[in-house]
Structure formats: C-alpha cells, structure tokens
Amino acid sequence: MSSKSALPSSFRDPSGFLFTEDGSLYRQVNQAYRESYDHLTGSGLYDALQDSGSLIRHEEVGLELARTDEAYRVLKPQVVPFVSYPYEWSFSQLQDAALLTLDVQKKALDFGMTLKDASAYNVQFVEGKPVLIDTLSFDRYDEGQPWAAYRQFCQHFLAPLALMSHTDVRLGQLLRIHIDGVPLDLASSLLPYRTRLSFALLSHIHLHARSQKHFAERRVDVKSRKMSRLSLRGLLDNLGSAVKKLKWRSEGTLWNDYQEEASYSADALDQKRQVVAGFLDQVQPKVVWDLGANVGLFSRLASDRGILTISFDADPGCVERNYLESRRKGDTNILPLLIDLTNPSPAIGWQHEERMSLLERGPADLVLCLALIHHLAISNNLPLALVADFLASIGSSLIFEFVPKTDQRVQRLLSTREDIFTGYTQEAFERTFGQRFEIQASIQLEGSERVLYLLRRRGA
Amino acid sequence: MRHLKCLADALVFVSLLLFASTGAAHAYVDPGTGSYVIQLLIAAIAGLAFAVRIYWGRIKGFFSKSSPETQTTESDEQ
C-alpha cells in the first residue's frame, strides 16, 4: 500500500479531495476553490460553525504535503472515529442530520455563502451529534440565486424521512440502493395519497417529481429567473418545518417490546452486568462493537467507561430508542446503528469504493456478542465455525454469551421448526470457538443455563 | 406586488402538473430543470408566508411593547 492514497469517497469534487499519508487524514484544497475557501475562513462562517459544533474542525498544515500542483491549502481535519452511512441510521438520526444541513445552510447565507450540495453522506455522527464533514461544500452566494442543493436535499433527506414516517420505516433502506438519494418519482408513488394534503410534501415531493418529469425534455431558460433572499429563507424554513413535522413512533417493531430482562431473574441480570463490566475492565478496549445490542443496555456499560461503542441492531425500533436515549443523556461515546449481521452493509458506489462495507470499518478491540448466538445459529442456520470465523475477523477480544438449547428463548425458536441443530451444544461451542479463540474466563449466570465467556483471538 | 404574480404563476403551474401524466422516465431526462422551476414557485409561496410571519411578529411585538400588561407576550419573529 502506498503511503499516500486518495480516498475514493471524495473524487467527484473538483474543489479538492481527501487523502491519507502515513496513517493521517488530509484534505487538499485546490486553487479552483481558493476564493470560496478564503471566504469561508475570512468571513467568520468557519468560526461560527465551530461555535455551534456544526462543521468538522481542521487545521491548516504545510503545502509540502500537497499531492498535486493545483493545491491551494492542505488541511488536517479532525478524524471521524467511526464512519456511518444514512442507510444505517434510525429515523431520528436521519432527521437530525437533515436539520443540521438546513441550519448550516441558513448560517452560511448570513455570511454570504451557500451549500452547493446537501448530501447525507456529508454528515457524520461525532461524539453523539451530527456534524458536516465536507469543508469544501460552501460557495459564494449571489443575490437571486436559488439553492443548488435543493433537489439533493429532497432526495437524501425529505423523501426517505417522509417514506419512513408515512409508509414504512424500512423504506429508509432505499438509500442503500439509490446512492444519490431516493428518486422523487419513486417516493411520490410510494407515499400514501393523504400526504398530498400537506403543502410541504405535496410541493417538495409530489409536484417536484411531476415538475422533473414535465420539464425533462423541454428547454426552459431558467437562468433568467431569480429568487429573492427572502424566498430562499422561506424555502429553507418550509423544508425545516416539513422535516420537523415528520414523526415515527417506534412501538410495535419486532424487538422493541422485547425485554432483555425477561430472560433473567433480577439477580442474574445484575450478575450479567457485573461480569460484562469486569471483562471490559480487564481488557480495556478503545473500541467496542456490540452486536445485537437491542436498545443498548450493555453497550452503555462500555460507553459509560469512555469507550467508543458502536451499538448495532437489525431492528429500526431498537436503534431509534437507543439513539433517543443517548441523545437525551448527551452520551458522546455511543453510536447506535441499524445493521443486519446476516446481511451487513456492503461496499457500494463507483467501483465498490465510494462507501465502505461494515468489515472495512473494523476491526474493533472487543466485540460484545450477548444473547445473539441462537439467532445466528438456529434462526439463520449459520454453522458455529462460520460464526467463530466472522467474530474473529472483527475483533481481537470477545465477550460471548452462550444460550443453550434448553433455554426457553431457544425452545421458542424451535417450537415451529424441526430441530436439525444436533451440533448446537455448549461442548461443541467451546471446541469450535476454541480453534479460533483462547477461552480466558467462563462464568455461568446464577439461576440460568446461560454462560458468559471472555475470549481472546489466537495470535492477537 | 411581485409575490402575488408569483403566486398566480404557481397556481397555474400546479394545476398543469396535477393533470400532467406520469410515466416511465427516459434515460436522457434532466431532472435539474424541473427541480429549478418548482423551487422558484415553492420559494415564492414560502417566502410570502415567511414574510407574513415576520411582519405579524413585528406587529405583535409593537403592540405588546406599547401595552405594559402584555409585555411578556413573545414575538414569533426569528
């Protein structure tokens, strides 16, 4: 691997690009972007956005690091600890990212600038809050100019949020297929008829889609039509209230009502907490991935210790509740994400290189895999050896809960299907995982048949 | 008033769109023009609403200042 490599996520922008050198991340600003960059820093906009925590921090470094002759500046941005994508966010995460984008655009207007794009991929969650990470998104605002990023905002934010709110929360996954946001004609056809009664959704989605179709092959001199600053403020205000009005109540999803506590007595649950906390203190990881985190009960044992904790679940309701709870508490170390482990986020975009797969974003120092194995091995027919291989590939330490076949939860999974899982035993688990991991500790939970293990990957 | 003219434009345009047909999109379509046009129209309406809100806030602010017993009334102005 070369010591200098340009990152494929930023190749579309002629204003500059990201690259890494000796493990550090840099952003080259090209001469073409000189005027805008100087205005961003000179007008006070950069400082104002730092004060509100809306834009990623950077420092200017020496031009000798530049990769090409076009360089005007080289920046060293604050590193985003874990990169996530809009199709991995819960409803409120996408909504907060949308509101951040509008806030930044309003602030930019106050300083004579405008956002030239409104991509959801330009937002990342840093210390629990959405932050704009593309420093090169700002252009000078000329009076009379409409918002160039309007269509992108509708496709990346308003359309998926409206679909999640009014049709089905799982339609947020359309963002995984449509990398430049949900096409508005698709959103329009999927939204229920009653959404036409809302001025904002009627205009920004339904009529917008019709207008795109209507003017698709017509030549119209649009450049001569101007839009006043007041109209632009009105448009942004309208988009903001449309986004805020959209609600999704997370009740009734599969796992949302599932009480982790229900599987244990109060004593056993307390013991499970203590054992997991003890294992965390023993390993002292910097990054934890909690797989099948539900609403993040055990993720918080890690995040409360100042450990960066990525809290995955496949249920949109759990991820939503996890995020709302973290936001309420102002937790800066936890990032709840919607991930189905049996079909995790792939690498997508041009040459599969624009957005990283989940595994490319690892490994973690420690993986929490609590009360999950029966869902993988029994509900999804995954052989224990494959589960061990996977877990060994994403972390060097593992806190694992084995749930035996006699457990009432497993019995429930088996109640409607033939038991073909003769190899699903504690002894088989220890033998299979023992090939990949060294078992450092195992503790049986009182009044339960479940066993907690601390494992260390062999050779790690 | 310019806003009223834009509003009238918008109404004509909206009724045109409501009766326009939607079919499969072609490969060479340019979604940019349609987005541009609709943005101008929505912004004209939204801008008017925004202005009304601001002025209404100012009017309310004016009266709440002039009558001391209602001084706690908050202005809607942003």
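Miscellaneous remarks
- Among the conditions (1) surrounded by 20 or more Cβ atoms within 10 Å (Cβ to Cβ); (2) of a type in the set (A, V, I, L, M); (3) in contact (Cβ under 8 Å) with a residue 12 or more places away in the chain, the only one that A:Leu190 does not satisfy is (1).
- For region A:272-289, taking the residues that are touching a strand residue (DSSP E or B) at 6+ places or on another chain (Cβ under 8 Å) and in a helix (DSSP H, G or I), the one that is nearest to A:Ser448 (Cα to Cα) is identified as A:Lys272.
- Residue list for region A:178-205, restricted to those being among the charged types (D, E, K, R), within 13 Å of chain B (Cβ to nearest Cβ) and farther than 21 Å from A:Gly234 by Cα: A:Asp180, A:Asp185
- Region A:401-450: number of residues that are out of contact with any helix residue (DSSP H, G or I) (no Cβ under 7 Å at 6 or more places or on another chain) and among the β-branched types (Val, Ile, Thr): 5
- Selected residue [more than 26 Å from A:Gly172 (Cα to Cα), at pLDDT 95 or above and crowded, with 18+ Cβ neighbours inside 10 Å] from A:Tyr46, A:Tyr87: A:Tyr46
- Helices (runs of 4 or more DSSP H) fully within region A:327-446 that include at least 1 residues being in contact with a strand residue (DSSP E or B) (Cβ under 7 Å, 6 or more places away or on another chain) and of a type in the set (D, E, K, R): A:426-436.
- Whenever a residue of region A:79-100 is in a helix (DSSP H, G or I), its partners that are buried (at least 20 other Cβ atoms within 10 Å of the Cβ) and of a type in the set (Asp, Glu), lying with C-beta atoms within less than 7 angstrom and at least six residues away or across chains, give the pairs A:Phe91/A:Glu320; A:Ser92/A:Glu320.
- Scanning region A:219-230 for residues that are in contact with a Gly (Cβ under 6 Å, 6 or more places away or on another chain) and more than 7 Å from every other protein chain (Cβ to nearest Cβ) yields a count of 1.
Residue-by-condition table, conditions (1) within 12 Å of B:Val37 (Cα to Cα); (2) more than 9 Å from every other protein chain (Cβ to nearest Cβ); (3) in a helix (DSSP H, G or I); (4) modelled with pLDDT of 95 or more:
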position: A:His208; (1), (2), (3), (4): yes, no, yes, yes
position: A:Gln212; (1), (2), (3), (4): yes, no, yes, no
position: A:Glu217; (1), (2), (3), (4): no, no, no, no
position: A:Leu232; (1), (2), (3), (4): no, no, yes, yes
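The values are calculated or read from the model by the stated rules, or taken from the named source; none is laboratory data. The structure displayed is predicted, hence computed values, not measured ones. Positions of Cβ are generated from backbone atoms using ideal geometry, with glycine treated the same way; all protein chains shown enter the neighbour counts.
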